[in-house]
1. With Gly84, Gly35, Gly91, Gly13 as the choices, which residue is closer than 22 Å to Val128 by Cα and touching a Pro at 6+ places or on another chain (Cβ under 7 Å)?
2. If I ask for residues that are crowded, with 18+ Cβ neighbours inside 10 Å and touching a Leu at 6+ places or on another chain (Cβ under 7 Å), which ones from the range 1-31 would you list?
3. Quick check on my filter: what residues within the range 109-122 are open to solvent by less than 70 Å² (accessible area, probe 1.4 Å) and either free of Cβ contacts under 8 Å to residues at least 40 places away in the same chain or over 22 Å from the mean Cα position of the chain (by Cα) (or both)?
4. Quick one: is Ala92 farther than 26 Å from Leu20 by Cα, aliphatic (A, V, I, L, M) and surrounded by fewer than 18 Cβ atoms within 10 Å (Cβ to Cβ)?
Amino acid sequence: MTAISEMAVAALGTVAFALLFGVPALYYPYCGFIGGTGWLVYSMLVKQLSEPAAALFATIAVILISRTFAVRKHCPVTIFLVSGIFPLVPGALVYWTAYYIVTDNTALAAHTGFLALKVAVAIVLGIVFVFELPQGFFRFAAKKDRRASEKKGKIKR
């Protein structure tokens, strides 16, 4: 699969999860964009870095975009964050860990389980790093919307 098709599939999966998560339909394109972008960053970096490092940087990209859209659209960041992070969650690694445990292959179970744990910790660290940035860092998005609204005459001073 090419990078663009992988991004499109990740975006589609993200929108499907957003539907299940109860995100308003207005935000589906944003959720899809965020999830697709996160997967694109991950798939490009996993070729040069380890899986946890690629997941960390992809998570940072997802959270930065999520916080920007949250400020821009005046809604909670969890609308974009939970569905946008979905493609990065190490579900397949957890599945294979359980499979290797059931088939009594403890060496592979330990290896995949530890890798899944490292990816999960990388995702958590990425979320924490970006949430430590002050809200003012993302005000550029709100100012841009305010200027556009003022030009249309929606907001008066």
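The values are calculated or read from the model by the stated rules, or taken from the named source; none is laboratory data. Note that the coordinates shown come from a computational prediction; the quantities given were computed from them, not determined experimentally. Heads up, the Cβs are rebuilt from the backbone with ideal geometry, glycines too, and the neighbour counts pull from every protein chain shown. Just so you know, the surface numbers come from the protein's heavy atoms only, side chains and all, with ligands and any DNA or RNA stripped out. Shrake-Rupley method; radii C 1.70, N 1.55, O 1.52, S 1.80 Å.
1. Numbers: Gly84 fails: touching a Pro at 6+ places or on another chain (Cβ under 7 Å); Gly91 fails: touching a Pro at 6+ places or on another chain (Cβ under 7 Å); Gly13 fails: closer than 22 Å to Val128 by Cα.
After ruling out the rest, the residue left standing is Gly35.
2. Met7
3. Selection gives Ala109, Ala110, Thr112, Gly113, Ala116, Ala120.
4. Values: farther than 26 Å from Leu20 by Cα: no; aliphatic (A, V, I, L, M): yes; surrounded by fewer than 18 Cβ atoms within 10 Å (Cβ to Cβ): yes.
So Ala92 fails the test.
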